[in-house]
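Here the structure comes first, spelled out in structure tokens, and everything after it is commentary.
The values are calculated or read from the model by the stated rules, or taken from the named source; none is laboratory data. Just so it is clear, the model here is predicted, and its values are computed rather than measured. In this analysis, Cβ positions are derived from the backbone assuming ideal geometry, glycine residues included, and neighbour counts consider all displayed protein chains.
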Amino acid sequence: MSTDTMPLLPSPGPTRADKLFMVFLVLVLLAVAAIGRTMYKEGLKNEISKQNTADMVQWLGQAGSQRFDSDFEPAQCAGGDASAGNTWADCLPRLLADGGPLAGLRNPFTQKTPVFVARCEPGRAALAGALAIEKLTPGQPGAAQAFYASPLSGDDPIHKKMQLRLSTCDQGGYAGLSTEVSF
């Protein structure tokens, strides 16, 4: 028998194209793992920001029922006729100062004390991790909206009971978690 008539058999093992394809697959898997890790870290930062808002809402809710007592601390956040001069600008720094009830809050995106803004604005990545606080003012009886939201400014007096809405700004500047609380 002549060897010219026998069909050529493929060589055993992967070909050069097979090896290139396997290298490509390994590179794709590494890229997917790297992107997954990055997305996990960003998601974790958003969750920490939401926890900051939840901690602040919890403190404001507890303080809202006790801040009209005569021995309430911090005094800058107290309510009632005796504390009619207290403003939000007096209260907020005391809450975040060393020894304050919210001293441990940190913006996970900057590792600094959280920034408080008038509102979250989509597209402004600089607002990542910021907390937006709005005061809710009751609307007119029979109005379509029960409350009207406006930014809580530093000049706003806090001696009366207030309804507040707190929102967390995510890495894109969007309002993530929004919670209302009586303070």
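Here L102 passes the criteria (1) under 20 Å from P157 (Cα atoms); (2) surrounded by 14 or more Cβ atoms within 10 Å (Cβ to Cβ); (3) touching a Phe, Trp or Tyr at 6+ places or on another chain (Cβ under 7 Å) except the one numbered (1).
Would it be correct to say that G80 is at pLDDT below 90 and farther than 28 Å from S178 by Cβ?
yes
Reported count of residues in segment 66-77, each being within 13 Å of M162 (Cβ to Cβ) and out of contact with any Leu (no Cβ under 9 Å at 6 or more places or on another chain), is 2. Screening N46 against (1) farther than 28 Å from G172 by Cβ; (2) polar (S, T, N, Q); (3) out of contact with any helix residue (DSSP H, G or I) (no Cβ under 6 Å at 6 or more places or on another chain); (4) surrounded by 15 or more Cβ atoms within 10 Å (Cβ to Cβ) leaves a single unmet condition, (1). Pairing residues of segment 82-94 that are more than 8 Å from I158 (Cβ to Cβ) with residues that are of a type in the set (F, W, Y) and not in a loop (DSSP other than H, G, I, E, B), at Cβ distances under 7 Å and at least 6 apart in sequence or on separate chains, gives L92/F116. Take the conditions farther than 30 Å from D170 by Cα, surrounded by 14 or more Cβ atoms within 10 Å (Cβ to Cβ) and of a type outside the set (S, T, N, Q) and apply them to A84. Does it pass? No.
Evaluation of Q140 against the conditions (1) of a type in the set (S, T, N, Q); (2) over 23 Å from the mean Cα position of the chain (by Cα); (3) within 30 Å of D69 (Cα to Cα) shows that the sole unmet condition is (3).
Restricting attention to segment 163-177, which residues are in a strand (DSSP E or B) and within 10 Å of the chain's Cα centre (by Cα)?
So in segment 163-177, the residues in a strand (DSSP E or B) come out as 163-169, 175-177.
Selection gives S167, T168, C169, A175, G176, L177.
Being crowded, with 18+ Cβ neighbours inside 10 Å and not in a strand (DSSP E or B) is the filter; apply it to segment 121-131 and report the residue that is farthest from the chain's Cα centre (by Cα). Among those that are crowded, with 18+ Cβ neighbours inside 10 Å and not in a strand (DSSP E or B), it is L127. Taken as a whole, the condition of being among the hydrophobic types (A, V, I, L, M, F, W, C), modelled with pLDDT of 90 or more, in a helix (DSSP H, G or I) and in contact with a helix residue (DSSP H, G or I) (Cβ under 8 Å, 6 or more places away or on another chain) does not apply to L105.
Output the number of residues of segment 132-161 satisfying the condition of being free of Cβ contacts under 8 Å to residues at least 60 places away in the same chain, surrounded by 14 or more Cβ atoms within 10 Å (Cβ to Cβ) and either under 21 Å from N52 (Cα atoms) or in contact with an Asp or Glu (Cβ under 6 Å, 6 or more places away or on another chain) (or both). Quick ask: steps written out before the conclusion?
Filtering segment 132-161 for residues free of Cβ contacts under 8 Å to residues at least 60 places away in the same chain gives 132-151.
With surrounded by 14 or more Cβ atoms within 10 Å (Cβ to Cβ) added as a condition, the list becomes 132-136, 147, 149.
Cutting the leftovers down to either under 21 Å from N52 (Cα atoms) or in contact with an Asp or Glu (Cβ under 6 Å, 6 or more places away or on another chain) (or both) gives us 132-136, 149.
The qualifying residues number 6.
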